[in-house]
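Written below as structure tokens is the structure these notes are about.
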Amino acid sequence: MSILRYWRKLQRRTDMNTLWPACKEHAKSLDHARVAFYAHASNDTAWTKDYTADELMDFISQLK
């Protein structure tokens with residue numbers, strides 16, 4: 001694994017440990033939380049370099 005890919009993995013972990021819980025806490029519903037998280041992830045190279053758009057949508061649709 002390249003150092004840049006490893007760095008993106010760490011950034012995604014931070015998103016999952018910090019941003020995703022915040023989205024769930026402040027959103028009106030789980031679907032709204034997913035939309036907010038997708039808005040971030042779809043514009044962040046930590047996600048878009050390693051996931052296709054379909055893979056990203058599938059991943060986020062499964063978040064609980």
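Counting only alpha carbon atoms, the long axis of helix 3-14 and the longest principal axis of the chain meet at about 20°. Please label the shape of the chain as rounded, prolate or oblate, based on the square roots a ≥ b ≥ c of the eigenvalues of the alpha-carbon gyration tensor (a/c under 1.5 means rounded; beyond that, a/b larger than b/c means prolate, else oblate). Taking the square roots of the gyration eigenvalues as a ≥ b ≥ c, the chain is prolate. Going by neighbour counts of Cβ atoms within 10 Å, the residues Glu55, Glu25 line up, fewest first, as Glu25, Glu55. Ellipticity at 222 nm from helices only: DSSP H runs of n ≥ 4 in the chain, each -39500 (n - 2.57), divided by the residue count, give -19000 deg cm²/dmol. Restriction of the trypsin sites (Lys or Arg not before Pro) in region 1-56 to DSSP coil positions whose beta-carbon has at most 15 other beta-carbons within 10 angstrom yields Lys28, Lys49.
Taking label positions 7 Å along the Cα-Cβ direction at both Leu10 and Ala27, the computed distance is 2.7 nm, reported to one decimal. Between helix 30-41 and the chain there is an angle of about 30 degrees, using the helix long axis and the longest principal axis of the Cα atoms.
Computed extension length for Ser2-Thr45: 14.0 nm, one decimal, from 0.36 nm per residue of separation with the Cα-Cα distance subtracted. Residue-wise HN-Hα couplings along region 52-64, as the Karplus relation 6.51 cos²θ - 1.76 cosθ + 1.60 with θ = phi - 60° gives them from phi, are 6, 4, 5, 5, 5, 4, 5, 4, 5, 5, 8, 5, 10 Hz; Gly and Pro carry x.
Every read-out reported here was derived from the displayed coordinates using simple, explicitly stated rules and does not represent laboratory data. As the structure is a computational prediction, the values presented were derived from the model and not from experiment. No Cβ is skipped: glycine too gets one built from the backbone with ideal geometry, and neighbour counts run over all protein chains shown.
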